[in-house]
Amino acid sequence: MGRRVLFLGPPGAGKGTQATLLARALGVPHISTGVMLREAVAEGTDLGNQAGVLMAAGDLVPDELVVAMVAERLSRSDAACGFLLDGFPRNIEQADALDNSVDGHAIEVVLLLTVVEDELVRRLLKRAVEDGRDDDNEDTIRRRLEVYRSETEPLVEHYPLHGVPIRRIDGLGTVEEVFARVVMALAHE
Ligand code: B4P
């Protein structure tokens, strides 16, 4: 079973939710660039100050900042036997940077969560009420979906072309139903 796993999918597809469950089940660290960047913003670090404005607008944070952050995280000992990446790579440049980084960090399998757009917007607006995240308002959500289509979706073709299998998982249904599909998809790896 693959232990270097990448979760791909549009904002609101449930990547963070499923990645948390799967990382626990596999016993590997869950590495979410969204979570790491929000922590940097909350702590007021230089990185956080640069990232915060872009995130609030729904735009991507510059590649060099995110790549350096992930490279440092992957170099820690707990990532030596596997990891679950959530939200990174988010474009082809980041994927190339990961491929060219320290040995042993090549992705073994990509899990693509698919959810129709109306449901994505519904989930994120619900989270806006529950969690008050800065980037969960309707304008920013539309912008994040646009950025996903133009920057991130090309990775769906990129990985199979580079010999990395991609498994499509229907992200509609309860968290438990979706997780059962995730486990099934990985069982074949
Ligand atoms: P992320 O934190 O990655 O945010 P996201 O794409 O919106 O996904 P998230 O994981 O939060 O949501 P999920 O689908 O799990 O990124 C935020 C910002 O950080 C980006 O816009 C960008 O600015 C920056 N950034 C991050 N990584 C970057 C990178 N590599 N390069 C450059 N910039 C980067 O869940 C959404 C909601 O759905 C949740 O409320 C959840 O509870 C709910 N949900 C989950 N499963 C459900 C289900 N089955 N049914 C109903 N609801 C469900």
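Laboratory data are not the source of any read-out in this text; all were calculated from the coordinates shown. Just so it is clear, the model here is predicted, and its values are computed rather than measured. Please note: Cβ atoms are built from the backbone with ideal geometry, for glycine as well, and neighbour counts cover all protein chains shown.
General remarks:
- When the charge dipole of region 3-187 is built from unit charges on Cβ atoms (+1 for Lys and Arg, -1 for Asp and Glu) and taken about the Cα centre, the candidate among VAL175, HIS162, ALA56 whose Cα reaches farthest toward its positive end is VAL175.
- A Cβ-based charge dipole, computed about the Cα centre of region 3-187 with Lys and Arg at +1 and Asp and Glu at -1, lands at about 620 debye.
- Relative contact order, percent, region 3-187 [alpha-carbon distance under 8 Å, six or more residues apart]: 33
- Positive end of the dipole of the chain (Cβ unit charges, origin at the Cα centre): among THR152, GLY44, GLY82, the Cα lying farthest that way belongs to GLY82.
- Under conditions of 37 °C and 0.692 mPa s, region 80-146 yields 227 µm² s⁻¹ as its translational diffusion coefficient, taking Rh as the Kirkwood radius over Cα pairs in the Stokes-Einstein equation.
- Hydrodynamic radius of region 134-189 per Kirkwood, over alpha carbon pairs, in Å: 13.6
- Residues LYS15, LYS126 arranged by fewest to most Cβ contacts within 10 Å: LYS126, LYS15
- For the chain, complete DSSP H runs whose alpha carbons reach 20 Å or more along their own long axis and whose mean Kyte-Doolittle score is -1.0 or higher are 117-131.
- Pairwise centroid distance, computed over Cα atoms, of region 104-141 with region 6-82, Å: 14
- Look at the Cα gyration tensor of region 89-189: its axes a ≥ b ≥ c give a/c of at least 1.5 with a/b at or below b/c, and that counts as oblate.
- Shape box of the chain [Cα atoms, principal axes, largest first, Å]: 38, 38, 29
- Share antiparallel - DSSP beta bridges, the chain, percent rounded to 5: 0
- Calculated [θ] (222 nm, deg cm²/dmol) that DSSP helices of n ≥ 4 give over the chain, each run adding -39,500 (n - 2.57): -16000 deg cm²/dmol
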